[in-house]
Structures are given as C-alpha cells and as structure tokens.
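Enquirer: A single structure is presented below for examination.
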Amino acid sequence: MRTITTNDFSHPLADRSVVTIGNFDGVHRGHREIFRQVTARANELSATSVVVTFSPHPLRVLRPDDRRFCLITTDDQKRELIGESDIDLLLVIPFTKEFSALSADLFVRQILHACLGLCYLVIGHDYAFGRGREGNEPFLVQMGQELGFEVQSLDPVGDAGVLFSSSAVRRLVTNGAVAEALQILGRCHCVSGQVIHGREIGRSLGFPTANISTHNELIPGDGVYAVWVSVLDQLIMGACSVGVNPTFGGGQHTIEVFLFDFSADLYGHDVVIHFVDKLRDVTRFSDKTALMSQITTDVATARRILASGLPVEFQQ
C-alpha cells in the first residue's frame, strides 16, 4: 500500500479509482467491511482502491479542549491496519481549520474527481463530510450523476445486535470491557510503547514488571488484565496492571506488565500489549503478603485464560 500525505491536489494521484472516506479510528470490523467492498469493486473495474483519511483527527482541530475524546489507534497503527486490507493507496489529508471550511462540492470536484479520478465511491451508513456535513448521500448521488461516478452506501454492520462503531469501542475499553471490545475490533485492543524505569515494586514482590510509556490515548480502565505481549519478535503471555498502586501509597498512573517465563532485560525496547480480558479491579491490600498472594492468583487466572489460544490477529 502506498501512503501519501498531502494537501496539494493540483496533480493527479490516480487515473481511475474506487474510494472511501472517513476517520477509521480503530479500524474495526465495520471499517474492514467497507475496505472489502472497495477492493472488490476496484478489482471489478480495474481501478485503484483508495482510502482517504485525515490527520490529525478532525475533532482534535474543531474541539481541541475536549479531553474526553481518546483515539483508539495512533496514526502508525491505523496505517498498518488499513494496509492489511490490501488497499492500493492511503491518502492522508492534513486536517486544519482552513481545510474544515472547504465545501463538499469543492472536495468532490478537486480531490475525488480531478485528483483521484473517482469512478465509484463507497460510504458507510449515514456518513457525511465537508463544511456543515453537507456531503451526505443525496448530495453525493447528485454529484455522481453530474461527474460520472457511482455511490454505494453500506447498511450498518454489526453482529448479535451490536453495531460496530468506534464510539462503542471507546466506551467498552474505557470501562475495562476489553473482551467485548474485541468482538467489534476483530482483534485485541493494543497499547504500544517503550519500556522505561519505574518504582520496581513488582521486582521487590518477586514479579518484576515492565513499565510502559505509550503514545496511545485509549488506555483500558484501571484494573488487572490478561494480556499477550509482542516483544523482541516473540509473543509472550502476561498480566498487566493499569492504574496506581494503592497498597504502596498510590502515586503516578502507570501501565505495568509482568511477562510469564521471561527474564530478558527490556529497558528501552518497544512492546505491544494485546488486552484479552479483565481479571479484577485495582484494590488496596492490607499488606505486602496479601498483595503477593493476589498476584499469584492473577497469574494463574491469566495463564488459564491465555491458554485457550493466541489472539485472533495472530491466528493463521
């Protein structure tokens, strides 16, 4: 997949294309169904499959003070996940206040039609773009009749009565319901980062943990989780604690992971934590012995959960 980041649309980027547009935060199962439709139609029409997205997320520009909104994926994670759907071209448009004022009419004429050679557009249910969200389905159908492209609007995608949406993923992960979020994402929610030095409380208890510094915004709610950890080209079972350590006086909010049957020095290395299921809430214990006993139980429970199989994203 080619990735082009630009706001210069004066030169063609594709001769003939099938396009979808959106933020695609989390790249969940609903998004991947859109991409499947795009690639299938592009193959039928001998056209280039194109995903158009924006960076930063428009809400970061339009509502910069809204700290309640957390992105599910970083830009790098989103790009990698979109690439897994065999898309030919990812067009990333830098989103600014000036760009937000662009009318849907000009967006279609200058970017989709003139620059990308749009012949077929796939949009999600109730999707709209452009100034004032004027680029809705009726508008796009009318533009397609004028400029010569077709529009396909997909019905909502879901399973067992649950609609796949980024907002649902954010809500579930924030509440610690990572197993339920997996059903929408089609994979574990992941947090990536670098191992840094911490207070070394875990080491003093006989369970040395790796403290993670991350650029991910959406962190599972405070608690202890069964996780898989990608590190040093390996996939290791583990248990992860998110929050403060109330037994030892609280302090800084941390992400700490204990890797099972693993002893290599990880300081400075990058890791990816795949959250499988929540084991319990963070609790203040009466003493060090009680905490050690609970951690032993947590490790046993996590091993049992993780023994059921690899995360879906690693299954062949």
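Throughout, read-outs are computed from the coordinates displayed, never taken from laboratory work. What you see is a predicted model; the values in this text were computed from it and never measured. So basically every Cβ, Gly included, is an ideal-geometry build from the backbone, and we count neighbours across all protein chains shown.
Enquirer: When only DSSP loop residues count, what GluC sites (Glu not before Pro) in the range 103-197 have their Cβ near at most 14 other Cβ atoms within 10 Å?
Expert: Taking the range 103-197 and a limit of 14 other Cβ atoms within 10 Å, the loop GluC sites (Glu not before Pro) found are E134.
Enquirer: Now, a different point. Once you order the gyration tensor axes a ≥ b ≥ c over the Cα atoms, which shape class does the range 255-316 get: rounded for a/c under 1.5, otherwise prolate or oblate by comparing a/b with b/c?
Expert: Taking the square roots of the gyration eigenvalues as a ≥ b ≥ c, the range 255-316 is oblate.
Enquirer: Averaged over every viewing direction, what's the projected area of the C-alpha convex hull for the chain? Give it in nm², one decimal, please.
Expert: Spelled out: convex hull of the Cα atoms, projected over all directions, averaged, 17.9 nm².
Enquirer: At 1.306 mPa s and 10 °C, plugging the Kirkwood radius over alpha-carbon pairs of the range 1-77 into Stokes-Einstein gives what diffusion coefficient in µm²/s?
Expert: Answer, rounded: 111 µm²/s.
Enquirer: Using amide H atoms built 1.01 Å from N in the peptide plane, name the residues 5+ places from F285, or on other chains, whose amide H lies under 5 Å from its own.
Expert: T247
Enquirer: Next up: For the range 175-181, take each phi angle, set θ = phi - 60°, evaluate the Karplus expression 6.51 cos²θ - 1.76 cosθ + 1.60, and give the result in whole Hz per residue in order, putting x for glycine and proline.
Expert: 8, x, 7, 5, 5, 5, 4
Enquirer: Karplus couplings for the range 166-172 from phi (6.51 cos²θ - 1.76 cosθ + 1.60, θ = phi - 60°), rounded to Hz, Gly and Pro as x?
Expert: Result, rounded to whole Hz: 5, 5, 5, 4, 4, 5, 5.
Enquirer: Let me ask you something else. For the range 49-128, which GluC sites (Glu not before Pro) are in a loop by DSSP, counting at most 14 other Cβ atoms within 10 Å?
Expert: Sparse-neighbourhood loop GluC sites (Glu not before Pro): E84.
Enquirer: Now a separate question. Enumerate the calculated ³J(HN,Hα) couplings along the range 75-92 in order (Karplus 6.51 cos²θ - 1.76 cosθ + 1.60, θ = phi - 60°), each rounded to whole Hz, writing x wherever the residue is Gly or Pro.
Expert: 4, 5, 5, 4, 4, 5, 5, 5, x, 5, 9, 6, 6, 6, 9, 10, 9, 9
Enquirer: Over the chain, with a Gaussian network built from C-alpha contacts below 10 Å, which listed residue (T48, T289, T96) shows the highest mean-square fluctuation?
Expert: T289
Enquirer: F54's amide H: which non-local residues (gap 5+, or another chain) put their own amide H closer than 5 Å, with H modeled 1.01 Å from N in plane and none for Pro or chain starts?
Expert: I93
Enquirer: Restrict the search to the range 1-70; then list the trypsin sites (Lys or Arg not before Pro) that DSSP places in a loop and that have at most 13 other Cβ atoms within 10 Å of their Cβ.
Expert: Sparse-neighbourhood loop trypsin sites (Lys or Arg not before Pro): R67, R68.
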